[in-house]
Every structure is written in C-alpha cells, then in structure tokens.
Amino acid sequence: MEQDTRKVVMVRFGEIFLKSEPVRREFLNRLRDNIRAGLKGLNVEATITITRSRILVSSESPVDLVPMLSRIFGVIDIAPVTVCGNSMDDLCDTAIQVAQSHLMPHTRFAVRARREGVEGFSSQELAAEAGSRIIDAIPDLKVDLTAPEYEIFIEARKDGSMVYDTRISGPGGLPYGTQGKAVALISAGIDSPVAAWLMMRRGVRMIFLHIEPGKFGGEDIRRNLENNLAALSHWVPGLELPVITIPAEPFYQALMTLSEPKLRCVLCKRGMLELASRYAQKSGCDGIITGDNLGQVATQTLHNLAPISAGIEIPIYRPLIGYDKEEIITLARKIGSFSSEPGDTSCSVLPPRPVTRSDVHQIERLMEQASLGSVIEDILKFSSIKVIKNGIFQST
C-alpha cells in the first residue's frame, strides 16, 4: 500500500458555528478564501475541505502551514492531525502511533474522544478502549482525566476520522472582510496598531491612513510606522493592506500659528478625523478607527473627545477606550508591534500644557482662524498609496 504523504491540519472555528445557516456559509466561504490567500503567499498547493464544524487543510508541501494558519482571524485553534479509518481498530492503532511519538513512560495522560455519525460504539467506549491499548503499548502510564500531562484527541467522524495531540491557539474572532471596511488612523505609537488589530479580528477590512508630520515629527517615526504595519499584515497572510500617506507639514505649520497654543493637540486630532472622514466617504468605508484610550493623554478626556468628534459625519470606533496601558502593551506584544526601543517619535507641535477640556465653538473658531479647512483640502491632493502584504511593501 502506497504511503500517504499528505500533511493534514485541522482548523477549528468558534462563533461562526452559532450563525444562521446562510450567514455561516458566507463566513466559512470567506474564511476559506482567506486561508487560500495565505497558502498562495507561501506558494503552497493544498486542498481545503469544509465540514460542519471543522476545516481540513491537506497538502503534500514540506512547508509548515501551522504558523500561517494560526494567524487567520476566525480560527480558534489548529491541530496537525493523522487521518484514519472509522473502525475501533483503526482509531486505536492510530492513537497508539501518535502517542508513541510523544508520550513518555511514567506520564499522566488522558484520551479525549468524540464521535459524530459513526455507529457501533460510544465516545466513552472509544476513549476507554484507546486508553487501555495505549497503556499496553507504553509501560508505566497513569490515566489522569483531571490534570493530565499529556492529552490525545480522537475524533471518529463519518466524513473522516482523525487523531492528534497538539492544539495551537488561533486569534479567534470573525473572518477578515466579513464586517465591512473602515479607515484606521495609524501612527508610530503603541495604541493605533492594537486598535486596528482588534477591529480586524472582528472581521473589519482596513484602509490605513498615516498623517506624516515631516519636520515636526521625530526621526524614528517612519521606521516604527513600517514595523507596525508589517506586524499587522502578518495577521492577514497573503492579503494586501492599503496604506494612505498624507504629507502634513503644512497642516502642522498652521497649528503652530494658533493664537491659543494649548489647543494645538485638540485641533490636530480634529484635523486628523476630518482627513479620515474624507477618505472613508471617498472609499465607501463604514467608519473610522482610532487608538484613543480614555484619559491617557489630554485629547482623550471625555471633555475633549466629544467636541473633537463633533461634525464628523461617519461613525468613529475606539476599541481601546476602556483599556489600561498594560493591557494595550500585552496585546501589542502578542501582535508583534511592540518595540521596547522606539527611538525618537516626538512631536514638536505638542504645547507645554495642552487643554483637557474644550468645546465645539472653540474648535470651530480656531479651525477658521488658522484656515485649517483649506489646508486640509490642499494636503489631500498630495496623498499617496502603497500596499503591504506579508510584511513587505509592494509596488503599485
């Protein structure tokens, strides 16, 4: 009999399973397409099989698919599996084969079995028989169903049984691209990439917008920005992320002329939202995403967030609003965007004492006084677009 050289990875999805049948079908098709994009990025040919509660990715490629699949939004975990027949003997023999590869003598172990569409035995009977045969094959083992050192999983299924002993966590959430499209303000800092990632994890497709400060920003802003974008692109393997850059030196120069310097940050944030709103409307987006976090800096107090947002006609989403800094840093480390040595990311427009309380009338008056509306119109004409895929900026 010719040996099967395929590598099979089982992909489990979470809340997709709870959707209505038409929605579940739509989401699974999107998840399948996102997996295909990731495979194409690796130059791997594979077969993708969708069952009611699992996706199986089968390939003869030597490339390890696990790292890529573990970054696909909508996936709760993955497992390299050994496929086998549905009979008790086939299932137990395969369980022994898998266990002998990793299970050491004197280890506390457990067999977790489940059955779907297979007759002749129950899940409990399968687990007991497999456990007994594993003990016969490997000496001095101890069954421990509560706190085992090693677990082996057996799934007896009508459409293909499998055995595995490793589960790798995925990001969960919903498949990327199932929940509309938004403009995400992206910077060289910690917060904005985390905010974008949280919304990407909920299925929102991104257009990134960077307001480039030019001479008014620190010399390491560009490097940190590109690192943030590269980290985010690894969570949508094989897919392109558009990045819009607006050279904003004239905008920052106009802020420096304000008669009330303490309001520069408020006007800066309002201008950024205006720019994001224009792009969101132009590109058919459903919202704006920011990294605002309540009380973290002067512009992010309740007394400033409301007047800054007034007049922006498209919804503004702030997924980090209730997080503390340590929680954000923990997520940034997970995402891969955190840098312990960010270098110079300063802003020379920052006043010594920015206000923590402003009102709409102040903002509108100063916007008019500094002609910020016309400045925004002018700098929009010089915007440029790039795309990043798999951590690398692409030619456009």
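The values are calculated or read from the model by the stated rules, or taken from the named source; none is laboratory data. Everything numeric in this text was worked out from a predicted model, so none of it was measured. In this analysis, Cβ positions are derived from the backbone assuming ideal geometry, glycine residues included, and neighbour counts consider all displayed protein chains. Heads up: the accessible areas ignore ligands, DNA and RNA and are worked out on the full protein's heavy atoms, side chains in. Shrake-Rupley method; radii C 1.70, N 1.55, O 1.52, S 1.80 Å.
Annotations for the structure displayed:
- When each of Ile48, Ile55, Ile35, Ile135 is tested for being free of Cβ contacts under 8 Å to residues at least 40 places away in the same chain and in a strand (DSSP E or B), the lone residue that passes is Ile48.
- Helices (runs of 4 or more DSSP H) contained entirely in segment 315-396, each with at least 1 residues that are at pLDDT 95 or above and open to solvent by 80 Å² or more (accessible area, probe 1.4 Å): 325-335
- Residue check, Val81 open to solvent by less than 50 Å² (accessible area, probe 1.4 Å), in contact (Cβ under 8 Å) with a residue 40 or more places away in the chain and closer than 24 Å to Ser122 by Cβ: yes
- Selection count where residues are of a type in the set (S, T, N, Q) and open to solvent by less than 60 Å² (accessible area, probe 1.4 Å), scope segment 30-56: 3
- Residue list for segment 75-127, restricted to those being part of a loop (DSSP other than H, G, I, E, B) and in contact with a Phe, Trp or Tyr (Cβ under 6 Å, 6 or more places away or on another chain): Leu103, Thr107
- Whichever residue in segment 219-263 is in contact with a helix residue (DSSP H, G or I) (Cβ under 7 Å, 6 or more places away or on another chain) and assigned to a strand (DSSP E or B) and, among such residues, is nearest to Asp33 (Cα to Cα): Leu241
- Residue count, segment 178-218 (criterion: part of a helix (DSSP H, G or I) and under 23 Å from Glu327 (Cα atoms)): 11
- Within the option set Ser20, Ser59, being within 20 Å of Met162 (Cβ to Cβ), surrounded by fewer than 21 Cβ atoms within 10 Å (Cβ to Cβ) and either at pLDDT 95 or above or of a type in the set (Gly, Ala, Ser) (or both) holds for one residue only, Ser59.
- Checking Ile289 against (1) of a type in the set (Val, Ile, Thr); (2) open to solvent by 10 Å² or more (accessible area, probe 1.4 Å); (3) closer than 22 Å to Ile379 by Cα, the condition it does not meet: (2)
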